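Below is one structure, written out as structure tokens, with a few remarks after it.
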Amino acid sequence: MKNSTVVNIVLSLAVAGLYIIYFSGNHKEKSTSSGKTNGTNNQLTVAYVKMDSMLFTYELAKKLNSDFAEKKETFRKEYTDKRMRFEKDAAAFQEKVQRGGFLTEERAKQEQERLVGLQQEIQKLDYELTQKLSEMQGQINQQIVDSISSYLKSYNAIKKYDFILNSQSMLEGSTQFNITKEVTQGLNDSYRSKAK
């Protein structure tokens with residue numbers, strides 16, 4: 001599940017990166033084919049970030065994912081404990097039925113109904129915990145995306161790139177345009193200052 005969490009975050013950030021590129025770039029008039037601006041020979045300024053690398057070094061993302069992993073483990077333990085109790089009770093019931101341990105058929109039926117109710121509770125708990133974890137993961141992804149988007153807007157207000165791309169959507173790129181380290185450092189500095 002850790003791999004799917006990372007993949008979900010990376011995909012969310014990729015979508016956010018495209019959103020940022022599309023909606024927050026400089027709004028100069030550009031020719032679509034020549035790369036010229038308003039009849040001059042100005043070139044586009046482009047940079048890119050490696051989102052997967054950034055997620056492993058961005059302190060907010062690491063903290064949120066660590067907190068999520070702890071909650072996930074707590075939920076897993078709660079579910080496992082209830083499941084094991086149910087399986088133990090079901091095995092004891094089966095053994096008691098086989099050796100004729102119930103005084104009446106009515107009492108055996110009551111115990112069977114209780115076990116069916118417990119099984120339904122466990123299935124409901126599994127569903128609820130899965131839903132809760134999914135919602136939490138979505139909130140974490142959104143918080144990370146919002147944080148990165150906000151930082152990139154202020155960062156680009158100074159740097160004035162025409163495009164900041166996610167390296168996962170590129171086929172090839174020169175390392176001179178890789179701003180991952182600089183952006184991650186800025187994100188971490190911003191996170192630390194807000195955390196104080």
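Values quoted throughout were computed directly from the atomic coordinates according to the rules given, and no laboratory measurement underlies them. Values in this document were obtained by computation on a predicted structure and should not be read as measured data. Reconstructed Cβ throughout: ideal geometry from the backbone, glycine too, with neighbour counts over all protein chains shown.
Overview of values
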{"quantity": "Karplus-derived HN-Hα couplings along region 92-101 (A = 6.51, B = -1.76, C = 1.60, θ = phi - 60°), whole Hz, x at Gly and Pro", "calculated": "5, 4, 4, 5, 5, 5, 5, 9, x, x"}
{"quantity": "Lys124-Thr57 FRET efficiency (beta carbon distance; Förster radius 45 Å; 0.05 resolution)", "calculated": "0.70"}
{"quantity": "Trypsin sites (Lys or Arg not before Pro) restricted to DSSP loop in region 88-131 with at most 11 other C-beta within 10 Å", "calculated": "Arg99"}
{"quantity": "Simple label model, 7 Å out from Cα along Cβ direction - Thr175 to Glu87, nm", "calculated": "5.0 nm"}
{"quantity": "Cα-projected label distance for Glu106 with Asp189, points at 7 Å along beta-carbon direction, nm", "calculated": "7.9 nm"}
